[in-house]
Amino acid sequence: MAGEPQSDCLFCKIVAREVPATIVRETETTLAFRDINPQAPTHVLVIPKVHYPDAASLAAAEPGITADVLHEAGEVAADDKVDGSGYRVVFNTGSGAGQTVWHAHAHVLGGRGLEWPPG
Ligand code: AMP
Ligand code: ZN
């Protein structure tokens, strides 16, 4: 069923505490943890606890939880004190854009200069 945990999904396993992660924030609907291969001093992933393969399918099914993810992205930035200098929230969508984990997630990147346009 849509949104149900997937046994082959790494991020569902992190939600279930079957795979360890450095968790920085948790709400009823979201989890935020540090990326294992950080691309910036602050690189945190904010995920919905429910499983959807990407941000658009999450937004179509669960607009409230999508808003929760974006709200938590802002809280992560404030916690890491990168909100003043600026930060970026990225949803890679599709393999051509670099998506490798098929559970919706926001990357929160900050703490260094961020080029525009991104690569
Ligand atoms: P994406 O390439 O946009 O799908 O992002 C997936 C992200 O998950 C990458 O930045 C990976 O470094 C990160 N990642 C993969 N495995 C783990 C893990 N076990 N804990 C934390 N982050 C992970
Ligand atoms: Zn999942």
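The table below lists the values:
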quantity	calculated
Residues of region 24-48 satisfying the condition of being open to solvent by 40 Å² or more (accessible area, probe 1.4 Å) and within 12 Å of ligand 1 (Cβ to nearest atom)	V24, R34, I36, N37, P38, Q39
Set P5, P53: member being surrounded by 14 or more Cβ atoms within 10 Å (Cβ to Cβ) and over 19 Å from N92 (Cβ atoms)	P5
Members of region 12-23 found to be within 13 Å of V44 (Cα to Cα) and either surrounded by fewer than 13 Cβ atoms within 10 Å (Cβ to Cβ) or under 12 Å from the mean Cα position of the chain (by Cα) (or both), listed by number	T22, I23
Given (1) under 18 Å from G74 (Cβ atoms); (2) away from ligand 2 (no atom under 13 Å from the Cβ), number of the condition L58 does not satisfy	(2)
Search result, residues across region 63-119 that are touching a helix residue (DSSP H, G or I) at 6+ places or on another chain (Cβ under 7 Å) and open to solvent by 60 Å² or more (accessible area, probe 1.4 Å)	D83, Y87, F91, T93
Subset of region 97-116 [free of Cβ contacts under 8 Å to residues at least 40 places away in the same chain, within 25 Å of V50 (Cβ to Cβ) and not aliphatic (A, V, I, L, M)]	G98, T100
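The values are calculated or read from the model by the stated rules, or taken from the named source; none is laboratory data. Predicted model only: the values in this text are computed from it and were never measured. In this analysis, Cβ positions are derived from the backbone assuming ideal geometry, glycine residues included, and neighbour counts consider all displayed protein chains. Ligands, DNA and RNA are stripped out before the accessible areas are found, and what is left, the full protein with its side chains, is counted by its heavy atoms. Shrake-Rupley method; radii C 1.70, N 1.55, O 1.52, S 1.80 Å.
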